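The values are calculated or read from the model by the stated rules, or taken from the named source; none is laboratory data. Please read all numbers here as calculations on a predicted model, not as lab measurements. Positions of Cβ are generated from backbone atoms using ideal geometry, with glycine treated the same way; all protein chains shown enter the neighbour counts. Please note that ligands, DNA and RNA were not included when accessible areas were found on the heavy atoms of the full protein model with its side chains. Shrake-Rupley method; radii C 1.70, N 1.55, O 1.52, S 1.80 Å.
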Amino acid sequence: MMKANMQVSKNFQISKIEDRLYGSFIEHMGRAVYEGIYEPTHPTADDNGFRNDVKELVKELNIPLVRYPGGNFLSGYNWEDGIGPRENRPKRLDLAWRTIETNEVGMHEFFDWSKEVNAEVNMAVNLGTRGVDDARRIVEYCNFPGGTELSDLRRQNGHEEPFAIKTWCLGNEMDGPWQIGQKAAVDYGKLAAQAGKAMKLVDDSIELVLCGSSSSEMPTFASWEAEVLDEAYEYVDYLSLHRYYGNQENDLENYLAKSIDMDNFIKSVVAVCDYVKAKKKSNKTINLSFDEWNVWYHSNEQDSKNEPWQIAPPLLEDIYNFEDALLIGCLLITLMKNSDRVKIACLAQLVNVIAPIMTEKDGRTWRQTIFYPFMQASLYGRGIALTPNIQVDSYNSRDFDNVPYLESIAVLNEEENEVVIFAVNRSKDDAIDFECDFYDISLGDVIDFSEMAGFDIKAINTSAEEVVKPSPSEEIRVENNVVSAKLKPLSWNVIRVALNQ
Ligand code: AHR
């Protein structure tokens, strides 16, 4: 058995973890909205046509924030198409996914749904086909109390009170050649600055997310970040990061190491933000919004055969396996470890489209393998992330050197009177004899030790059976503020221990 030691102390804190780290994302694409959250003919549909069975699963995930309405869809979207009486709403071509958008669901319906699942909306403004005028108009429509044409239109459409949307994205992936209205960095930076300025003149309580690169693989990565920040630094609060992973090579050791890529990506973007801060001699710090992250590759081949101009065709319907859940665990721990600068993150996406939750038309809903690590992190990864000092063996993989077999972090949650350890054992051969010394944190009893382990790495869940899910483990003890546990080979572990009062 391999040994691993971790030491933490309440004097060595990374940061308080923001609730918005456990956000998610619903785009008008595929079956995310239609046949996903919304299906008026479904037996569980509520009066507004939204599926109650889906709402229940979303609530299990305890999501504080949902990004909406896109994604690539955003860059050709006119939000006015989705307001007012449904019978008057136009059907439109969605050029991003080459489908037909019926506009049956728009911002009012989505806002009501988000309230029911206890989440805030992270709204995005279209800076692909639209600009400053539209950006200020949508903020006025959503957030201004009343007495103007746009705010009164919102009231007339059924929302007397403002939506009070706090977090706003300034476009989506504006560096991408696939993006409608793609822009050069300087052009996007100037547009985002002016749009952001106008939006904050309407409501100075909002927070703005500037588009970073679509991924760290983009040829303009890092210079894009520097240039857009150069133009818009004064007006924005966060810079976005997007990254999807896959195991195309079918190389498990390398796949599970891909959280190191996420860590490097975050640290590089922090470096650019701070470079621009220094260059501008500014006192303001730009934080990060990792507003698209997930595994995305299983559905690529299927999607390449998709026929255009359908309404809500199945798109990006990745079926996740156990190894994906392990990587998601490593990525969640990486986000927590960087919570001093990553203040917002959105698992992309939430229902049917690269999603933890799947639905059948007229039928069941079910939890994918990745549902569980995300749910447990969202439920228990709240509080203060403690700096993990870890000694463990490491390995070299195709793309990464010195990959530690153990990925772990501890979170101190004084409000709930507990500490929580999240840990992934990346070894397929060895269990880890794990000891975590909490030094100056006085520990009581174990509340719960939950593990996901022992499954075939390619095992999946289906609507008929959720095979891959956590189960309790007994192999744990706490003595003298030291937690000792056995972490099985290839496992995701969540250990909750009470604080001594
Ligand atoms: O989440 C799916 C797509 O991935 C989004 O529309 C886009 O922003 C990204 O390229």
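Yes or no: D81 surrounded by fewer than 21 Cβ atoms within 10 Å (Cβ to Cβ), under 24 Å from H159 (Cα atoms) and in contact with a strand residue (DSSP E or B) (Cβ under 8 Å, 6 or more places away or on another chain)? Against the criterion (surrounded by fewer than 21 Cβ atoms within 10 Å (Cβ to Cβ), under 24 Å from H159 (Cα atoms) and in contact with a strand residue (DSSP E or B) (Cβ under 8 Å, 6 or more places away or on another chain)), D81 qualifies. Report yes if some residue within region 218-236 is aliphatic (A, V, I, L, M), within 17 Å of T334 (Cβ to Cβ) and buried (at least 21 other Cβ atoms within 10 Å of the Cβ); otherwise report no. Checking region 218-236: not a single residue is aliphatic (A, V, I, L, M), within 17 Å of T334 (Cβ to Cβ) and buried (at least 21 other Cβ atoms within 10 Å of the Cβ). The requirement of being surrounded by fewer than 22 Cβ atoms within 10 Å (Cβ to Cβ), closer than 30 Å to E249 by Cα and under 26 Å from the mean Cα position of the chain (by Cα) is fulfilled nowhere in region 411-419; no residue meets it.
Within region 454-486, the only residue that satisfies the criterion of being touching a residue at least 40 places away in the same chain (Cβ under 8 Å), of a type in the set (G, A, S), surrounded by 14 or more Cβ atoms within 10 Å (Cβ to Cβ) and assigned to a loop (DSSP other than H, G, I, E, B) is A459. The set of residues from region 134-179 being open to solvent by 40 Å² or more (accessible area, probe 1.4 Å) and in contact (Cβ under 8 Å) with a residue 60 or more places away in the chain comprises R136, E140, L153, N157, W178.
Hey, K190 hits all of (1) within 30 Å of N48 (Cα to Cα); (2) away from the ligand (no atom under 14 Å from the Cβ) but one; which does it fall short on? That leaves (1) as the condition not met.
Out of region 46-61, which residues are open to solvent by 10 Å² or more (accessible area, probe 1.4 Å) and under 29 Å from L95 (Cα atoms)? Selection gives N48 alone. Screening region 379-405 for residues that are assigned by TED's automatic domain parsing to the domain that holds Y439, of a type in the set (F, W, Y) and touching a strand residue (DSSP E or B) at 6+ places or on another chain (Cβ under 9 Å) and picking the one that is farthest from N11 (Cα to Cα) gives Y395.
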